[in-house]
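Structure first, commentary second.
Each value in this text was obtained by applying a stated rule to the coordinates, not by laboratory testing. Every value quoted in this text rests on a predicted model; they were computed, and no experiment measured them. Cβ placement follows ideal geometry from the backbone for every residue including glycine, while neighbour counts extend to all protein chains displayed.
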Amino acid sequence: MISIAIMVVLVIMSAYFSATETAFSTVNKTKLKTLAEKDNRKAKLALSLSENYDRLISTILIGNNIVNIALSSIATVFFMDIMTGHASAPTVSTIVTTVVVLIFGEITPKSLAKDFPEKFAMFSAPIIRCFIYLLMPLNFLFSLWKKLVSKVFKKQEDEKMSQEELLMLVDEVEQEGSIDENESNLLRNAIEFTERRADDILTHRMDLEAVSVDATMDEIADTFAKSQFSRLPVYRDSIDTIVGVIHQKDFFGKNGVTTRNLDDLLTPVVYVQHNEPVNDLLRQMQKHKTHVAVVLDEYGGTLGIVTMEDILEELVGEIWDEHDEEEEDFLQQIGEDTYIVDCSATLDEFAERLGLEIESESGTVGGYVMEKFGMLPEVGETHTDEDMTIKVLEKDIQRITKIELTVHHRDRDEKDEDEEHEKSDSEEEPTHN
C-alpha cells in the first residue's frame, strides 16, 4: 500500500510539472501584467518567474525527470513483488507506467494547462519557486552547460519580429475575437505606415487648387468658395514655386475679406522629396507646425502636396467632412469586356481589378495610356494591341482623364501554344547541304 501511495504522489507531481511547463510556455504576459498592475501578488510572482524562463524550465525538467525515473523504479519493484517468479514483470511494469504517465502525467494536465495558462501559472508560481531554490545547485550546473553550448552554437538569425509576422499576429488576434475588424485595420495600417512614401499619398499637381501671389482678393475668395478647402497653396510665377499656404480663417475676418497684405497671411510649408517616408514626413510637419508639405520631383519641380489629413487617413482610413463627395468607382463596366476607366486611378489597382499583367514605369492609368500612344492623343483616337483596345474619351491640356477600354481575352492554351511555336521558330536554324 505504501508503494501505491508513493506512486500516486509521483504521478501527481509529474502532472504538476507537465502542466506548469505548458502553462508558462503559453501564458499571455500581457494578461499577467494587467493583473500585476492591479496588485495581484500571484500574477506578479508568475510574471517574475516567466522573465527568467531558462531557470524556470530547467527546474521543471529536472523535477519532472526525477519524478518519472523514481516512479518507474518503484513501479518495477512493485510489480516484481506481486508477480514473483514471472519473467514478464519488468515488461508489465514498463507498459503500465508508460500508459499511466502519458494519460495522467502528460496529456491530461498539459491539455488543461493550455486551456487556462494564466490561472495555472499563478497557482503554480509559489510552488515552483520553492523547487527553484531547492534545485538551485543543479540549475547552476546546467546554466554553465547552457553557456558552453551557446558559445558553440551561436545565433545567426535576427530574433526581431518581421512586419509579415506582425501582420499575421494581428490576423490571429482578430480571429480569436480579442479585437474587432476596425481595431485590426487600424493596427495593420500602423504596421504598414512606415512602408508608405510621399508620392503614394500626395495630391497630384494637376489636381491642385492653388492661387497666385498676384491674384486679387476676389479671385482668392472665389477659389475658396468653389474648392471648399480650408487651405490653399500660393505660388509665384508657376505651380513649381509654391511659397506658402493661406488659411481660410485668416483670409476671412469678422467683417468679410481681410484687408491685410497677402504676404502677411502666408504660412510656411515643408518641402520634401517624392520618396520621403511618410513617418519622416509626419515628424517634419509636426516639427515645423505646418499642415501642408510640398512634394518635389527629381528635377525640383512640384509633384504635388501632402496634407496632414492625407497622412492621418493612412492610419485611420478615409476621413469625411461635410464637403466631401463620395467617389465613384474608377472602373465602370458597360459591356462584357468593355469598361469606362477614370485615368487618375493607380496602375496597380487597375491591373489587379482586371487581372492584367502590366509592366510600366507609370503610376497611373493615364500615364500608362500615354506610353501606349507614345504621345498625348486626341479625344476619339484609339490604340489596339493583342491585350486591349483603348479609346480616349476625355482629356485636358496635359493628360488623359477618361478612356473606354476593351480587354481582349484569348484562350490560355492557345496563347501558350503560340508562345511555344514562336520559341521553336526562333530556335530553329537553317541547314545547308
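Assorted remarks:
- Crossing angle, helix 412-427 versus the chain [Cα axis fit, 0-90 degrees, rounded to tens]: 80 degrees
- 5 angstrom amide H check on I305, placed H, neighbours 5+ away: T203, V295
- For peptides 371-381, 21-31, sequence by mean Cβ density within 10 Å, most packed first: 21-31, 371-381
- Relative contact order computed over the chain (Cα-Cα under 8 Å; 6+ residues apart), in percent: 10 percent
- Cα-Cα over 18 Å, subset of K44/K146; K31/K114; K42/K110; K114/K147; K42/K119; K31/K119: K44/K146; K42/K110; K114/K147
- Take every pair of alpha-carbon atoms less than 8 Å apart whose residues are at least six positions apart; their mean separation over the length of the range 218-305 yields a relative contact order of 22 percent.
- Extension reserve of the D207-D81 stretch, reckoned as 0.36 nm per residue once the Cα distance is removed: 35.9 nm
- Taking the charge dipole of the range 1-139 about its Cα centre, with +1 at Lys and Arg Cβ atoms and -1 at Asp and Glu Cβ atoms, the residue from T91, M13, F123 reaching farthest to the positive side is F123.
- Karplus-derived HN-Hα couplings along the range 181-191 (A = 6.51, B = -1.76, C = 1.60, θ = phi - 60°), whole Hz, x at Gly and Pro: 5, 5, 5, 5, 5, 5, 5, 4, 4, 5, 5
- Linear extension gain, D115 paired with L393, 0.36 nm per residue minus alpha-carbon span: 93.8 nm
- Estimated inter-spin distance, L331 and D280, nm [label 7 Å along Cα→Cβ]: 3.3 nm
- Set against the labelled values (1) 364; (2) 179; (3) 156, volume of the Cα convex hull per residue in Å³ computed from this structure falls on (1).
- Rounded tilt (10° steps) of 41-51 against the dominant C-alpha axis of the chain: 80 degrees
- Computed from point charges on the beta carbon alone (+1 for Lys and Arg, -1 for Asp and Glu), the dipole magnitude for the chain about its Cα centre is near 5560 Debye.
- Each part gets one Cα centre, and for the range 1-46 versus the range 55-96 those centres are 23 Å apart.
- Rounded to whole Å, sorted largest first: equivalent-ellipsoid semi-axes of the range 218-309, Cα gyration tensor: 25, 15, 11
- Residues with amide H under 5 Å from that of M388, placed H, sequence gap 5 or more: H408
- Nearest 10 degrees, 0 to 90: helix 2-26 Cα axis against the chain principal axis: 10 degrees
- Label-to-label distance, nm, for residues given as V99 and K147 (7 Å Cα→Cβ offset): 4.8 nm
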